[in-house]
Structures are given as structure tokens and as C-alpha cells.
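Take this structure first; my questions come after.
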Amino acid sequence: MMMEKMVIREWDEADRPREKLLEQGRRAVSNAELLAILIGSGSRKETAVELCRRLLADVDNSLSALSKLEVSELCRYNGIGEAKAITIIAAMELGRRRKEATEEMPSVLNSSKRVYTFFRDKLIDLPHEEFWVLYLNTGCKLINKQQIGRGGNDFTPVDVRIILKHALQANAHSMILIHNHPSGTLSPSQADKQLTDRVVEAAKLMDIRVNDHVIFTDQSYFSFRDEGIL
């Protein structure tokens, strides 16, 4: 006989995620239980927690992978309709924005590691290249950031004049060039080196220093400054 659809309030008390959160605190609740609280109910064949466990298992229990799913992909699961899918996506996006907000103003961006830690979430998992510039004050604190170019998987058009325009508008003392390599290759291309030289020389005319050019991949980074080529 097919199970009737079960909502959270019908489960045994020990299995109710909402009650568990209230009694034991938010840290005691598993990822699947948190998702179950969001969607409220499962299907006729499985509870909300069981459904969410299956969903998480399909993305190797990675919240990062879950956050990339679109509405149509979530709706493939019996028990998740458009409204529930949107609720999950909204919750994941809030989490991402919270992390972004806490990292928005780091104390000092005076090392390649700090730059990578600060900006990694902006570039992770992108299938295309993006070129950004961080503009800093005399204490290496961020005062502005601008996306200068966006391209394919191995090339991004960059206008040096736009880089310098934003530097002057921000009254920047120095800047850090950033772009990602979706291919995962860390080594700079000849075009990367030539562009860096052009920006450095143009910035010198305005007494603005290029502190570094950092190439990002999902797992690591390459620093022109650390490698002694800037």
C-alpha cells in the first residue's frame, strides 16, 4: 500500500526538524533537515527529509553544487515543485550573499593569498574569463572594484583606458589586476604578460602602482608579484 504524503508535523517528535532546531539549536540540524524545513513536505513515497537526503546525495552532499542547480533541475524530483525549488534557490543565494558581505571589506589586501581568499567566490566555477581590478588606498584597503572585461574560455578583451579611468575616479593609490582561467591552467599566457606590462607602464604616468596581477583557478592562483615577474 502506498504511503500517504507525510508533512513534518505528522512525524515522530524526535524526527521533526523544526522542533529539533528549537530544542537543540541550529547547529544540531543536518543539511537535509534544514532543506526539509524549507520545503515543508515530501512526496507520497518519501518524507521531506528523505527527499532532501536523496537530493543532497545526488550532488555528493555539496552545498556548493546544490547552489548551482536551476529551478528546472530541482523540479525533476518528485515532491519539489516550482515554489519549493525557488525557495531552495533563494535560501542558497542568501547564504552566498551573506558570505560575500562578510568579506566585502577585508582589513588589508597586501598579499596574493588575501586577494585570492577575498575574491575567489566571485570567480569560482565560471565557464568564461572575467577581468577585474581592485582599487586600493595608501593602506592597501579596498576602495573600489570593477569588472573591466568578460570573454570566452581563454580570452578577455581589456581596455587599459577604462582601468585608469576607474583608478582616477576612485583616487586610487594602487591596484591589483585579477582574471580567471576556466581551463584550470595557472601559468600566464604571453597575452597576460603583455597586458600586465601595458597597464603597469600606463599607470606609472599617473603615479599609480600595480601591486599584483593574480590569475585565479577554482583551486589555486598565480601571482605575478610572488613569481618575480612584476
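The values are calculated or read from the model by the stated rules, or taken from the named source; none is laboratory data. If you're wondering where the values come from, they're calculated on a predicted model, not measured in any experiment. Here the Cβ positions follow ideal geometry from the backbone for every residue, glycine too, while neighbour counts run over all protein chains shown.
Please specify each residue of region 206-227 satisfying the condition of being assigned to a strand (DSSP E or B) and touching a helix residue (DSSP H, G or I) at 6+ places or on another chain (Cβ under 8 Å).
Scanning region 206-227 gives ARG209, VAL210, ASP212, HIS213, VAL214, ILE215, PHE216, TYR221, SER223.
Now for a separate question. Which of the residues that make up region 195-230 are touching a residue at least 40 places away in the same chain (Cβ under 8 Å), of a type in the set (A, V, I, L, M) and in contact with a Phe, Trp or Tyr (Cβ under 6 Å, 6 or more places away or on another chain)?
VAL214
Additional query: Only residues that are surrounded by 20 or more Cβ atoms within 10 Å (Cβ to Cβ) and in a helix (DSSP H, G or I): list them for region 79-93, please.
Of everything in region 79-93, those that are surrounded by 20 or more Cβ atoms within 10 Å (Cβ to Cβ) and in a helix (DSSP H, G or I) turn out to be LYS84, ALA85, ILE88.
Which condition from (1) in a helix (DSSP H, G or I); (2) surrounded by fewer than 17 Cβ atoms within 10 Å (Cβ to Cβ) is the one that LYS68 breaks?
Every condition holds for LYS68 apart from (1).
Name every residue in region 24-63 that is without any contact (Cβ under 8 Å) to a residue 12 or more places away in the chain and either within 22 Å of the chain's Cα centre (by Cα) or assigned by TED's automatic domain parsing to the domain that holds ILE124 (or both), in order of residue number.
ALA57, ASP58, VAL59, ASP60, SER62, listed by residue number.
Residue-wise test of (1) outside the structural domain of LEU123 (by TED's automatic domain parsing); (2) within 21 Å of GLN169 (Cα to Cα); (3) among the aliphatic types (A, V, I, L, M).
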| position | (1), (2), (3) |
| --- | --- |
| SER189 | no, no, no |
| LYS193 | no, no, no |
| ALA202 | no, yes, yes |
| ASN211 | no, yes, no |
| GLN219 | no, no, no |
| LEU230 | yes, no, yes |
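So, one more: Looking at region 119-145, which of its residues are in a strand (DSSP E or B) and among the polar types (S, T, N, Q)?
Matches in region 119-145: ASN144 only.
Right, next: Scan region 146-186 for residues that are surrounded by fewer than 12 Cβ atoms within 10 Å (Cβ to Cβ), assigned to a loop (DSSP other than H, G, I, E, B) and at pLDDT 90 or above and jot them down.
Listed by number, the residues that qualify are ASP159, ASN171.
Take ASP192 and tell me if it is farther than 26 Å from ARG96 by Cα and free of Cβ contacts under 8 Å to residues at least 60 places away in the same chain.
yes
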